[in-house]
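A short write-up of the structure that comes next.
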Amino acid sequence: MSYFVDSHCHLNSLSLQGKAGATLPEIVARAQAVGMSHMLCVACTPQEYAPMREAIAPFPGIYSACGVHPLNLEEAPNWKEEELLPCLQDARCVALGETGLDYHYAAESRMAQLDSFARQIDMAQEVGKPLIVHARQAHHDTVALLKEHQARDVGGVMHCFCDEVSMARACLDMGFYISFSGIVTFKAGENVREAARYVPLDRMLIETDCPYLAPVPVRGVENEPAFCRYTLEFLACLKGISAAVLADITAKNFAELFKVNLASSSLADFNASSLGVKALNPYKLERLLNCPLSTAVC
């Protein structure tokens, strides 16, 4: 069986009023229609985890993760390990994250971010789960903390990579994976394309980070997992392989990193009609979104 995984999305943050407008079951059905088999849905605070978990409960093949995002520290400035631990102990939760550092939007909270990130790396060690790391304009501090706290022991992924090859190299050297979002398709994303050319296939993941960062050719609309198809096609073209081969490689990488058996459940097990949703075939989806599915530009 072939697999295609969106390794990072925020389904709970969708307005459900995107280009086509949809319920969550319809969003999942659209993802199925382009061949998606699994997703990883991420909560950015412990308080966000329970409602997110409830929302994805009906859908086999959607895993979860939870951490304290550096840009959510205003909401949870004094978060406690005992608040995050029950989320990480949930059977569906496969990772701690997203966590990390962001000096682009919140440089003023640098010290609080460093403390929060360090504590979460230590928690990942305690629960034995990999990290999902957000890093923006924080190359040196991110790498330094990962090394200082032995993050190599649990591994993880640099999510929504938007840095330089040197950052990718440092993270690969620690055994981390690199995940690419729609940014790789952006006109201004040449540094990300350079990194994508550098990162070996066996260390690459693909994501939407929806509802953010919709890829070309659907920029300007709310992102959703079905649009991961465009990023997949673009990256496959960049790497000189077929989209089907890249989907299978990145799915295998996902399974190895998060220690999951993709064959045990998938979106194919979701019966859209049981929730009153008619599953869409790819041709119907093209018309609905008013955009062809094969539009990658090398």
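What follows draws every value from the coordinates through simple rules; no lab data is involved. No experiment lies behind these values; they were computed from the predicted model shown. Because the Cβ atoms are built from the backbone with ideal geometry, glycine has one as well, and the counts that use them run over all protein chains shown.
Listed highest first by mean packing, meaning other Cβ atoms within 10 Å per residue, what order do 196-207, 218-229 come in?
So the order, starting with the most tightly packed, is 218-229, 196-207.
If I take R0 = 30 Å and measure r between the Cβ atoms of residue 105 and residue 55 in this structure, what FRET efficiency does the formula 1/(1 + (r/R0)^6) give, to the nearest 0.05?
Numbers: r = 26 Å, r/R0 = 0.87.
The calculated FRET efficiency here is 0.70.
Starting from 0.36 nm per residue, how many nanometres of slack lie between residue 2 and residue 74 once their C-alpha separation is accounted for?
Residue separation times 0.36 nm, minus the Cα-Cα distance, leaves 21.8 nm.
Helix-derived [θ] at 222 nm for the chain: sum -39500 (n - 2.57) over DSSP H runs of at least 4, divide by residue count, nearest 500?
-11500 deg cm²/dmol
Are there any helices in the chain, counted as whole DSSP H runs, that stretch 15 Å or more along their axis by Cα and score at least 0.0 on average by Kyte-Doolittle, and if so which?
On the way: long enough: 46-56 (16 Å, -0.86); 110-127 (26 Å, -0.35); 228-239 (16 Å, 0.59); 243-258 (22 Å, 0.99).
Helices meeting the criterion: 228-239, 243-258.
List the relative contact order of the chain as a percent without decimals, with contacts defined as Cα pairs under 8 Å and 6+ residues apart.
Here the relative contact order equals 23 percent.
Which three extents, in angstrom, do the Cα atoms of the chain have along their principal axes, listed largest first?
So the extents along the principal axes, rounded to whole Å, are 50, 39, 34.
Residues with amide H under 5 Å of residue 97's amide H, sequence separation 5 or more or different chain, H placed in the peptide plane at 1.01 Å from N; which?
Close amide H contacts, sequence-distant or interchain: 66, 67, 132.
Using 7 Å Cα-to-Cβ label points, what is the residue 172/residue 198 separation (nm, one decimal)?
If labels sit at residue 172 and residue 198, their model points lie 0.8 nm apart.
Between residue 264 and residue 89, with labels modelled 7 Å along Cα→Cβ, what's the label distance in nm to one decimal, could you check?
Reported label-point gap for residue 264 and residue 89 is 1.9 nm.
Which Rg and Dmax, in Å, describe the Cα atoms of the range 12-102?
Computed over the Cα atoms of the range 12-102, radius of gyration and Dmax are 14.2, 42 Å.
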